[in-house]
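Since the structure comes first, as structure tokens, the remarks are kept for the end.
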Amino acid sequence: MKEEKKNSDKEKKLYEDTLREICSFGAGNAAARLSKMIGKRVNIDLPEVWVSKPSDGFDFLPSNKREVVIGINSAFGGDRRGVIFMLAGMEDAEKLLGFLFNRKIKEMGEMEQSALLEISNILSGAVVGSIANFAGMKINLEPPQLTVDLPLSIIDPALAEQMEHIRWIFFTVVSIKIEVEKISLLLTFFPFFDLVGEIWKKMGEGKLL
Amino acid sequence: MEEDGGREVTIGDYAVTTDSGVLTAHGIGSCVVVSIYDRRKKVGGLIHALLPKQDPKVVKSAKYADTGIELLWEESKREGGVEFEAKIAGGAAMFGSNTGKRNFQSALKKLRELNIKLIAKDIGGARGRNCFFYINSGKMRIMYSIRENFSVRWVEKTI
């Protein structure tokens with residue numbers, strides 16, 4: 001029993017370290033691309049990673065669960081499937097669009113929505129590219145979809161599908177800040193395959209433990 | 001805006017109570033929340049399930065609509081409930097996912113098996129929900145957010 005717990009803790013740590021590495025790499029590229037797009041300095045925080053077994057419960061969402069956010073969903077396909085989300089608070093989205101268009105944004109019309117979809121494409125593409133590199137896979141990003149809703153309701157279908165495929169569930173958050181203005185965009189991805197296990201297998205480590 | 005308070009039932013969890021309080025579940029997308037309630041004994045509970053059906057070989061879990069409803073029913077009986085009615089909310093098709101529909105169908109099947117009458121439902125659509133279940137009345141209040149530019153307006157219905 002003690003040995004089982006030790007192995008489980010070790011595996012959890014391995015998942016956390018690997019996911020943090022993937023996200024750091026992806027977020028670095030994402031920040032550089034976003035900086036080029038909006039012409040401002042973009043900084044990133046060290047990505048946060050939550051890893052748990054479904055039996056540990058699901059109360060791990062970092063943001064305020066009752067606050068409505070803009071959520072952009074990009075499914076990815078190819079060798080493996082999954083979903084990546086960009087979540088932004090309404091105020092953060094307004095500020096981000098203000099930087100992009102260089103004016104105060106009052107309405108979220110078609111142009112503003114397209115801009116957010118494009119930003120999500122850039123950021124999600126960088127993270128998915130990082131996953132593909134680490135795992136040695138071909139992964140394509142599908143066109144993104146935008147919604148405004150409660151964060152948990154946006155991600156729960158992906159969480160459900162992830163749980164049907166792998167033993168661990170994980171949730172990663174990359175926060176991005178633009179110049180002195182703190183704008184937090186959360187990028188989180190849900191691969192529907194054992195991402196970490198496959199990466200370790202490709203790296204010649206064989207079994208995780 | 002929505003009210004606070006009450007006991008929150010998070011994803012994969014359930015709660016049964018005989019107090020005159022409120023059980024809440026937030027951010028319900030493709031998940032389903034199912035309430036069961038004995039009107040005479042004022043015993044009731046709520047489950048917040050993520051997936052439709054569990055492997056029967058493993059220990060029952062509230063993460064699944066089928067086994068979760070069984071857990072909810074068993075505990076509600078232990079708390080003195082006898083004759084139950086049910087309400088279901090959630091099961092949205094977020095981004096076109098069919099998990100919500102499967103969750104609803106699984107919940108419905110289990111309620112039929114347990115002979116619990118479904119008296120009201122608010123399911124489907126493509127919007128998330130917040131849900132408040134009042135034990136003293138058996139009413140379920142459901143809230144949706146409607147976007148208006150960079151703010152939201154809440155709309156509600158009671159079933």
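The values are calculated or read from the model by the stated rules, or taken from the named source; none is laboratory data. Note that the coordinates shown come from a computational prediction; the quantities given were computed from them, not determined experimentally. Note: ideal-geometry Cβ built from the backbone for every residue, glycine included; neighbour counts use all protein chains shown. Heads up: the accessible areas ignore ligands, DNA and RNA and are worked out on the full protein's heavy atoms, side chains in. Shrake-Rupley method; radii C 1.70, N 1.55, O 1.52, S 1.80 Å.
Using DSSP, restrict attention to beta bridges with both residues in the protein assembly as shown and report what percent are antiparallel, rounded to the nearest 5. Here the antiparallel bridges make up roughly 90 percent for the protein assembly as shown.
Comparing mean-square fluctuations of B:Asp122, B:Asp55, B:Asp13 from a GNM of chain B with C-alpha springs under 10 Å, the top value falls on B:Asp55. Rounded, prolate or oblate: which one fits the protein assembly as shown, using the alpha carbon gyration tensor with axes a ≥ b ≥ c (rounded when a/c is under 1.5, else prolate when a/b beats b/c, else oblate)? Since a/c reaches 1.5 but b/c is at least a/b, the shape of the protein assembly as shown is classed as oblate.
Largest mean-square fluctuation among B:Arg141, B:Arg40, B:Arg102, in a Gaussian network model of chain B whose springs join Cα atoms under 10 Å apart, belongs to B:Arg40. Checking the a/c ratio against 1.5 first, then a/b against b/c, what shape does the Cα gyration tensor give for chain B? Verdict is oblate for chain B.
Using only the alpha-carbon atoms, how far is helix A:110-135 inclined from the longest principal axis of chain A? Give it as 0 to 90 degrees, nearest 10. It is inclined by approximately 30 degrees. Relative to the Cα centre, the charge distribution of chain B, modelled as +1 at Lys and Arg Cβ and -1 at Asp and Glu Cβ, gives a dipole magnitude of about 520 debye. Amide H to amide H, with H built 1.01 Å from N, B:Gly21 comes under 5 Å of B:Ile135, B:Asn136, counting only residues 5 or more places away or on other chains. Each 10 Å bin, from zero up to the one with the longest distance, holds this percent of the alpha carbon pairs of the range A:103-173: 15, 36, 36, 11, 2.
Residues in the range A:39-53 carry Karplus couplings, in order, of x, 10, 6, 10, 10, 10, 8, 4, x, 9, 10, 10, 10, 8, 8 Hz; the curve used is 6.51 cos²θ - 1.76 cosθ + 1.60 with θ = phi - 60°, and Gly or Pro positions show x. Net charge dipole, chain A: roughly 540 debye, given to the nearest 20, about the Cα centre with Cβ charges of +1 for Lys and Arg and -1 for Asp and Glu. In this simple spin-label approximation, A:Glu67 and B:Lys157 carry label points 7 Å from Cα along the Cα→Cβ vector, and these lie 2.9 nm apart. Considering only A:Gly78, A:Leu159, A:Ser24, and ranking their Cα positions along the charge dipole of chain A that arises from unit charges at the beta-carbon of Lys, Arg, Asp and Glu, the one farthest toward the positive end is A:Ser24. Most simply put, the range B:44-159 has about 65% antiparallel DSSP beta bridges, counting only bridges with both residues inside it. Think of it as helices only: each DSSP H run of n ≥ 4 in the protein assembly as shown is worth -39500 (n - 2.57), and spread over all residues that comes to -11500 deg cm²/dmol at 222 nm. Computed with a 1.4 angstrom probe on protein heavy atoms, the B-A interface buries about 2800 square angstrom of accessible area in total. Between amide H atoms placed 1.01 Å from N, distances below 5 Å from B:Gln54 occur with B:Asp66, B:Thr67, all of them 5 or more places distant or on a separate chain. Remark: the range A:1-50 carries a charge dipole of roughly 280 debye about the Cα centre, counting +1 on each Lys and Arg Cβ and -1 on each Asp and Glu Cβ.
Over the range B:46-159, what is the relative contact order in whole percent, taking alpha-carbon pairs under 8 Å and six or more residues apart? That works out to 21 percent. Its alpha carbons considered, chain A gives a radius of gyration followed by a Dmax of 17.3, 60 Å. Within the range B:39-115, all pairs of alpha-carbon atoms sorted by distance into 10 Å bins from zero give the percentages 19, 49, 26, 5, 0.
The calculated FRET efficiency for B:Ala120 paired with A:Arg81, based on their beta-carbon distance and R0 = 41 Å, is about 0.70. Length gained on full extension, A:Glu3 to A:Ala32, computed as 0.36 nm times the residue gap minus the Cα-Cα distance: 6.1 nm.
Taking all Cα pairs closer than 8 Å and separated by 6 or more residues, the relative contact order of chain A comes to 32 percent. Only Cα pairs within less than 10 Å get springs; with that Gaussian network setup on chain B, which residue of B:Glu85, B:Glu148, B:Glu113 has the largest fluctuation? Of B:Glu85, B:Glu148, B:Glu113, the most mobile in the Gaussian network model is B:Glu148.
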